[in-house]
1. Return the residues of the stretch B:9-21 that are open to solvent by less than 10 Å² (accessible area, probe 1.4 Å) and part of a loop (DSSP other than H, G, I, E, B); say none if nothing qualifies.
2. When you go through (1) within 14 Å of chain A (Cβ to nearest Cβ); (2) without any contact (Cβ under 8 Å) to a residue 24 or more places away in the chain one by one for B:Pro143, which number turns out not to apply?
3. Can you find a residue that is more than 30 Å from B:Ser44 (Cβ to Cβ) and under 16 Å from the mean Cα position of the chain (by Cα) anywhere in the stretch A:75-83?
4. Search the stretch A:80-101 for residues being within 22 Å of A:Lys50 (Cβ to Cβ) and among the charged types (D, E, K, R), and hand back the single one that is surrounded by the fewest Cβ atoms within 10 Å (Cβ to Cβ).
5. Report yes if B:Ser44 is modelled with pLDDT under 95, open to solvent by less than 20 Å² (accessible area, probe 1.4 Å) and either over 25 Å from B:Leu202 (Cα atoms) or within 14 Å of another protein chain (Cβ to nearest Cβ) (or both), otherwise no.
6. In the stretch A:114-122, is there at least one residue being facing another protein chain (nearest Cβ under 10 Å), open to solvent by 10 Å² or more (accessible area, probe 1.4 Å) and not in a helix (DSSP H, G or I)?
7. On the given criteria, is A:Leu246 of a type in the set (A, V, I, L, M), surrounded by fewer than 20 Cβ atoms within 10 Å (Cβ to Cβ) and in the same structural domain as A:Ala17 (by TED's automatic domain parsing)?
8. Could you list, in sequence order, the residues of the stretch B:155-167 that are in contact (Cβ under 8 Å) with a residue 24 or more places away in the chain and buried (at least 20 other Cβ atoms within 10 Å of the Cβ)?
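The values are calculated or read from the model by the stated rules, or taken from the named source; none is laboratory data. Treat the numbers as computed from the prediction; the structure is a model and nothing was measured. Note that we place each Cβ from the backbone using ideal geometry, even for glycine, and neighbour counts take in every protein chain shown. Note: accessible area is taken over every heavy atom of the protein model, side chains too, but ligands, DNA and RNA are not part of it. Shrake-Rupley method; radii C 1.70, N 1.55, O 1.52, S 1.80 Å.
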There are 2 protein chains.
Amino acid sequence: MKAIGVFDSGVGGLTVAKELFNELPYEDIIYFGDTARVPYGIKSRETIIKLSIESILFLLKNDVKLICVACNTASSVALPEIRNHFKIPLVGVINPAVKEAVYATRSKRIGVIGTNGTIRSRTYENEIKGLDPSIKVTSSACPLFVPFAEEGWFKEKAVKEVARAYLKPIKQAGVDTLILGCTHYPLLKQVIKEEMGKGVVLIDSAKQVAMEVRDTLGSFGLLNKAARNCRHMFYVSDNPEWFKALAKSFLGQAISSVRKVDNV
Amino acid sequence: MKAIGVFDSGVGGLTVAKELFNELPYEDIIYFGDTARVPYGIKSRETIIKLSIESILFLLKNDVKLICVACNTASSVALPEIRNHFKIPLVGVINPAVKEAVYATRSKRIGVIGTNGTIRSRTYENEIKGLDPSIKVTSSACPLFVPFAEEGWFKEKAVKEVARAYLKPIKQAGVDTLILGCTHYPLLKQVIKEEMGKGVVLIDSAKQVAMEVRDTLGSFGLLNKAARNCRHMFYVSDNPEWFKALAKSFLGQAISSVRKVDNV
């Protein structure tokens, strides 16, 4: 029985893994967090592509049947470049969020927030425009959100002030839909929601990604429908203690075993 | 004419380079920022040691005469392990700050702030106790300070709130001297000073480090005393644009040329 592979630059992808666990209870899942090289968001395009390929090759060595790129930076910067190189189905986090946002917007104004790398790539914008060129997209990089989420500062005044500054151009643009374009941001959802106001729908792609993984497996005849106990395995390229300590907030449950792998 | 080598995990070491430029105006200086692997603060001990050795080997290839480890995490975690492996003089940032703090304290209570890696290593504490076992040391990891400094948030309310939370145990301990144990922190000096109050001396080691480099060169007969135009060269392992954009705040002047090196 082949597993589903999931990779992220660190712990953020666990918010996606959480939805995969819910949506696909009979599938084995192997998660790889590239904690030796985290964060991807400040790295150059060529480095993000190189690291993403290395993470995919690690998962392929573990004989997976599908790979979910649960990292917005890798999905937006690397995936468009490398998607066609691999035989294995690759599911990123951009497209599911874009489809949901385009479906949700009434005002045809969508906001996107993410890391510097994600926003600079303009992948969200291009994919939205590809589906509906009449939609106006306003983007804002929010680099302090990741350290706040990792430090467990979810709703303090400091987070609110930072959110106010980052979200100002998005609010001014009058969007009715905001894509949380980073897997860390669901942890700050409450503050972002308060700042944006009730009329704005927040698109947290994790659930849509899990459904896309399920549909893709189905279309390849790879979905496991029979009830069984499944295995969830976690690998990191460095510092399993750090990963374990953060896992609970991101995954919603503690992880008992995290293995460190060398030479990824 | 051999140059002085300086390395840091990223841009923070530029606050040390700034003082080296002032203190040693006739010396060539080669700075290496390991921006492909920044930040070191959340990495494991063995990874920090491995990356520090690789950075030192890169500088040795450039035929330097002394290496300044301008990174608190590398100085506190790696330097005690690797100092004796190398023939070249290695100057870290811990010892100069410790000497200054032990000299400055009247109450025999010193505070230390730094990254998670630096604080966990207890190197500051051990070095202070080595000089004066009667001194009480209180430490606090301040992981959000680095992203704030890099984002240019130096004195906003959000920074003040975060500083208040991080510095609380240090204030409660009644220290009269606080070591800024991270090269990023001088950029937040004003907020830290306000929070600690007038009675507390802040030790920003950059100046002391530059003096130690000068003294070490002198003791090895390597100091260049003759007036000359000197070269300052900057290398990074990734994303020279990001480094250049941040250089001005950290170095106090713009950098015209930053070269990316591969395979460090």
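1. B:Gly10, B:Val11, B:Gly12, B:Gly13, listed by residue number.
2. Of the numbered conditions (1) within 14 Å of chain A (Cβ to nearest Cβ); (2) without any contact (Cβ under 8 Å) to a residue 24 or more places away in the chain, the odd one out for B:Pro143 is (2).
3. First, the residues of the stretch A:75-83 that are more than 30 Å from B:Ser44 (Cβ to Cβ): A:80-81, A:83.
Next cut, under 16 Å from the mean Cα position of the chain (by Cα) only: A:80.
Yes: one or more hits.
4. A:Lys87
5. When the stated conditions are applied, B:Ser44 passes them.
6. No, the conditions are met nowhere in the stretch A:114-122.
7. Answer is no for this residue.
8. B:Val159, B:Ala163, B:Leu167
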